[in-house]
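Inspection log for the structure reproduced underneath, given as structure tokens.
The values are calculated or read from the model by the stated rules, or taken from the named source; none is laboratory data. Not measured: the values here are computed from a predicted model. Cβ sites come from the backbone with ideal geometry, for glycine too, and all protein chains shown count toward neighbours. Only protein heavy atoms, including side chains, enter the accessible area calculation; ligands, DNA and RNA are left aside. Shrake-Rupley method; radii C 1.70, N 1.55, O 1.52, S 1.80 Å.
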Amino acid sequence: MRMNRRDILFAGAAILGAGVLNTRPVQASQLPTVELGTRTITTLSDGNLVLPLSFSFPDVPQQELVAILKANGLPVDRLEPDCNITVLRDADRLVVFDVGAGPNFMPSAGRLPDSLAAAGIDPGEVTDVVFTHAHPDHIWGLLDDFDEVIFPDANYHMGRAEWDYWRAGDTLEKTPEARKSFVIGAQNRMAVLEDHIRLFNFGDEIVPGVEAVDTRGHTPGHTSFAIHDGSQSMMVLGDVVTGLVSFEKPDWPSNSDQDTNQAIATRLQVMDRMATDKMHIVGFHLPNSGIGFVERKDAAYRFVAG
Ligand SMILES: [Zn+2]
């Protein structure tokens, strides 16, 4: 791997006996893991977000919302969704899905570099980075504290629809003021990638055994990924469903979805399929490392971790 300033800093800390790498909170042996044929899928934490409740669900019955939060043991004035980065390892590849928030989005997020170190993963080993979409908590982590690319030797893959949307000349002016920083942040990262990004279409096989699934709505080109091995499959959902509230109320509008109606239609369709097929899922913002299953509950669903 190429050395960059960040490696040199870590190397310096080690030489000084600072013990930086020995004090990480997560050990590799504790990582949640799913074996899928010859592949191993796990998640690494990028920390969590902290969002005011009013940001997330402004247009739903607030008493009902609070009751759901209480019943799930969650705070009632804010949402604190986890951020789970999926890592797929097989004989030939080490694939990372999204790169987290990086150092400049929220103080509670951007922990992926620490989690990689704790798991004993050298960023230079990563062969492929696959993006679900280009919101800050998924792409801003491309650049580290020194504005260097976090995975220096990886191939980067993004859906063509997502790439074209954020790169379009009129996206910034069409975006509400409160979210213009999302556009600028995405465009800055994309400028770094533009000479070597590999764009895919829905339905494409991006790397062997990884299929791009159209789940637009949360963003215009939002993509989930079905990982196949023989007769077994699992689904990296991204932000199709961003928390337990949306399992109980999948048809409630969430303010984090850019096209609310399309996102609801996608969520209902995907959750129905996941529950019917009993497919293992990873949710970027779901609790307990995001790995589990969708089960039917009354007229809606529930998340079963594991
Ligand atoms: Zn997200």
Checklist line | Only one of ASP229, ASP239 that is under 22 Å from SER45 (Cα atoms), in contact (Cβ under 8 Å) with a residue 40 or more places away in the chain and acidic (Asp, Glu) | finding: ASP239
Check: Counting only residues that are surrounded by fewer than 23 Cβ atoms within 10 Å (Cβ to Cβ) and closer than 19 Å to HIS135 by Cα, how many does the stretch 243-255 have?
Finding: 2
Item checked: Criterion (closer than 19 Å to THR215 by Cβ and touching a Cys at 6+ places or on another chain (Cβ under 9 Å)) met by exactly one of ASP137, ASP164 -> ASP137
Next item on the list: Would you please name the residue that is nearest to GLY243 (Cα to Cα), looking only at residues in the stretch 77-106 that are open to solvent by less than 60 Å² (accessible area, probe 1.4 Å) and away from the ligand (no atom under 16 Å from the Cβ)?
Entry: VAL87
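Yes/no per residue for (1) touching a Leu at 6+ places or on another chain (Cβ under 9 Å); (2) under 20 Å from GLY238 (Cβ atoms); (3) modelled with pLDDT under 95:
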site	(1), (2), (3)
LEU9	no, no, yes
THR43	yes, yes, no
PRO52	yes, no, yes
SER56	yes, yes, yes
ASN84	yes, yes, no
ARG93	no, yes, no
GLY100	yes, yes, no
PRO113	no, no, no
ALA117	yes, no, no
Next item on the list: Please give the helices (runs of 4 or more DSSP H) falling wholly within the stretch 57-164 in which 3 or more residues are more than 28 Å from PRO220 (Cα to Cα).
Entry: 62-71, 112-119
Check: Which strands (runs of 3 or more DSSP E) sit wholly inside the stretch 194-306 and have at least 2 residues that are within 16 Å of the ligand (Cβ to nearest atom)?
Finding: 223-229, 232-238, 280-283
Check: Name the pairs: first residue in the stretch 93-112 and more than 15 Å from PHE284 (Cβ to Cβ) and basic (Lys, Arg), second residue open to solvent by less than 60 Å² (accessible area, probe 1.4 Å) and modelled with pLDDT of 95 or more, Cβ to Cβ under 8 Å, at least 6 apart or on different chains?
Finding: ARG93/THR127; ARG93/ASP128; ARG93/VAL207
